Amino acid sequence: MFRKILILFLAGCIVAACRIGFTPSEREIISRSDSVMYVTTIWADSAVLRTPSLDLSPSELKSPEFQVLVSKMMTTVLSPEQDGVGIAAPQVGINRRLAIVWREDKSGQPFEVYANVRIDSLWGEMTHGPEGCLSVPPYRGLVPRYPNVIVSYTDTSTLLCRRDTVRGYSAIIFQHECDHLDGRLYIDRADTVFYNDAWAREREQFDYSRPSWMK
Ligand code: NI
């Protein structure tokens with residue numbers, strides 16, 4: 001009996017140990033990507049975009065890989081060729097609950113990093129607003145969203161759980177990014193989706209092809 005318990009305990013430890021840290025393919029994406037990362041699209045990468053993401057552990061949040069991932073995701077969302085208002089980790093090929101959100105509602109309007117982010121509650125009258133997604137080029141849609149949300153997330157400095165009440169445009173960005181982390185896209189919610197000529201023309205100027213080392 002004791003031996004069985006010991007074997008089960010050791011097996012549990014091995015499984016837990018395997019879950020600590022980024023996977024080899026996640027590490028490869030983090031280390032080999034340029035500072036502007038390849039952004040996954042619904043046309044080429046629907047598997048990663050449709051997979052719900054896993055939380056990041058405290059040790060993963062404190063790892064050098066995490067710092068590099070955040071820095072590259074930030075450079076990517078701010079780059080002229082993407083120029084987004086938010087980005088979620090599945091959009092760079094990594095199924096982890098991590099997003100960068102433009103806090104249009106805060107003074108200085110910073111882009112901020114949210115790990116293990118979730119929507120706790122939504123309220124107010126839903127309105128339809130125009131929305132696009134770096135992973136669904138070159139389309140836009142009219143999407144019903146709530147004007148207010150409460151989000152919870154892990155503070156990446158203190159590792160403490162935090163909550164924030166967000167209103168207006170940033171509340172919509174949080175809804176869009178948390179959808180990504182659940183494997184959903186705005187086109188699942190949109191009433192209308194339309195082709196965006198201006199965005200299509202912009203994309204002709206940049207190379208959006210997937211790097212050869214990425215599977
Ligand atoms: Ni998006």
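Of I172, S63, A190, which is farthest along the charge dipole of the chain in the positive direction, counting Lys and Arg as +1 and Asp and Glu as -1 at C-beta?
So the residue furthest toward the plus end is S63.
Could you state, as a whole-number percent, how many of the C-alpha pairs of the range 102-164 are farther apart than 16 Å?
The proportion of pairs with Cα distances above 16 Å equals 63 percent.
What stretch of the chain, leaving out the sites themselves, is the longest with no GluC sites (Glu not before Pro) in a DSSP loop having at most 16 other Cβ atoms within 10 Å?
Answer from the scan: 1-80.
How many angstrom lie between the C-alpha centres of the range 83-126 and the range 180-215?
One Cα centre to the other: 17 Å.
In whole angstrom, and with the biggest value first, how far do the Cα coordinates of the range 2-214 range along each principal axis?
Principal-axis extents of the range 2-214 (Cα, largest first): 66, 44, 32 Å.
List the residue ranges in the chain for DSSP H helices whose C-alpha atoms run 20 angstrom or more along the long axis and whose Kyte-Doolittle average is 1.0 or above.
2-19
Taking amide H positions as placed in the peptide plane 1.01 Å from N, state which residues far from L54 in sequence (5 or more) or on other chains have amide H under 5 Å from it.
R96, R97
Choose one answer from P52, P80, P147: the residue with the largest mean-square fluctuation in a GNM of the chain with alpha-carbon springs under 10 Å.
Between P52, P80, P147, it is P80 that shows the largest mean-square fluctuation.
Could you give me the ³J(HN,Hα) list for the range 192-199, computed from phi with Karplus coefficients 6.51, -1.76, 1.60 and θ = phi - 60°, whole Hz, x at Gly and Pro?
Along the range 192-199, the couplings run 9, 10, 9, 6, 10, 4, 4, 5 Hz.
Under 5 Å between amide H atoms, partner at least 5 residues away or on a different chain: which partners does G93 have, H built in plane at 1.01 Å?
Counting only residues 5 or more places away or on other chains, the set is T40.
Starting from the range 183-213, pick out the chymotrypsin sites (Phe, Trp or Tyr not before Pro) whose DSSP state is loop and whose Cβ has at most 12 other Cβ atoms within 10 Å.
Details: sites: Y186, F194, Y195, W199, F206, Y208, W213; in loops: F206, Y208, W213.
Sparse-neighbourhood loop chymotrypsin sites (Phe, Trp or Tyr not before Pro): F206, W213.
Bear in mind that the values in this text are calculations on the coordinates, not laboratory data. Because the structure is a prediction, the values reported are computed rather than measured. Neighbour counts run over all protein chains shown; Cβ positions are idealised from the backbone, glycine included.
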